[in-house]
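Novice: Sharing a structure below in structure tokens format, with a few things to ask.
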Amino acid sequence: MEFYTKELNLFKMLLNTLKADFQIIFEQDPAASNWLEVLFCYPGLQALFFYRVAHWLYCLRLPLIPRLISHFGRLLTGIEIHPGAIIGTHVFIDHGMGVVIGETAIVGDYALIYQGVTLGGTGKETGKRHPSLGKHVIVGAGAKVLGNIEIGDRVRIGAGSVVLQDIPSNCTVVGVPGRIVRSSGKSTGFLAHQKLPDPEAEIIYSLFNRVQILEQEIELLKVLLLQNKDKSATIELFKTSC
């Protein structure tokens, strides 16, 4: 009797989590117009539904079936989530095609994941080998977060970045490999790709300005050198005439 009570509670939690996954779409996506469209046309929501069911069965230690459900979900949505992964509530996978979430990955509440994201491992090691994402994390399109690393709360990862090391909370990460380019206690609540800093462009611009300054200094030295030569020639001419 106690066993059935426990499983009934888990099933109720599953339903509440699915409801939260459904509601968060209307908060995060301005294109979500009605519940029928969201239910049938949002692969991220469908993938999370398959994952929630598969994870529930996975926790019951049921063999094979959780992986079959996960595989079917991947065929239908293009999103692969291992049933062993731990995903919090109010998670939104936007568009979703090509998203891969590994077996030991952890995704915190209110995470926003765009298409092409990989939360994967870096080798054949066993145990915890996938990343852990905190709450309110945003992962841009095509970003790769690899290995057993910790991503803090309210971290923003730019599109196409490759993150291989721990990232503290309230940071913005861009580049390959990922570098922290901004650290702030405030979060905008969305990932404004057009406002992400470009550290490589900033360095190139700084070097360009430095080269211009050096060229101006060289031209000034040339002028001074010519003036000195003219003075020397005048002095020699004066000595010769005397």
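Novice: Any chance you could check the Cα centroid distance between the range 109-136 and the range 143-177 for me, in angstrom?
Specialist: 10 Å
Novice: Using only alpha-carbon positions, what ratio does the radius of gyration of the range 2-197 give when scaled by 2.2 N^0.38 Å?
Specialist: Ratio of Cα Rg to 2.2 N^0.38 Å: 1.01.
Novice: When a footprinting reagent is the concern and you count Cβ atoms within 10 Å, what order do Ile65, Ile204, Ile25, Ile157 take, fewest first?
Specialist: So the residues, fewest neighbours to most, are Ile204, Ile65, Ile25, Ile157.
Novice: If I take all pairs of Cα atoms in the range 14-129, what percentage of them are more than 26 Å from each other?
Specialist: 14 percent
Novice: Continuing with the same structure: So, R0 is 41 Å and r is the distance between the beta-carbons of Glu217 and Ile149; what FRET efficiency does that work out to, to 0.05?
Specialist: 0.35
Novice: Could you give the size of the charge dipole of the range 10-132 about its Cα centre, using +1 on the Cβ of each K and R and -1 on the Cβ of each D and E, expressed in debye and rounded to the nearest 20?
Specialist: 560 debye
Novice: How do Arg61, Arg67, Arg156 line up, fewest other C-beta atoms within 10 Å first?
Specialist: Arg61, Arg67, Arg156
Laboratory data are not the source of any read-out in this text; all were calculated from the coordinates shown. A quick note: this is a predicted structure, and the numbers were derived from the prediction, not measured. Please note: Cβ atoms are built from the backbone with ideal geometry, for glycine as well, and neighbour counts cover all protein chains shown.
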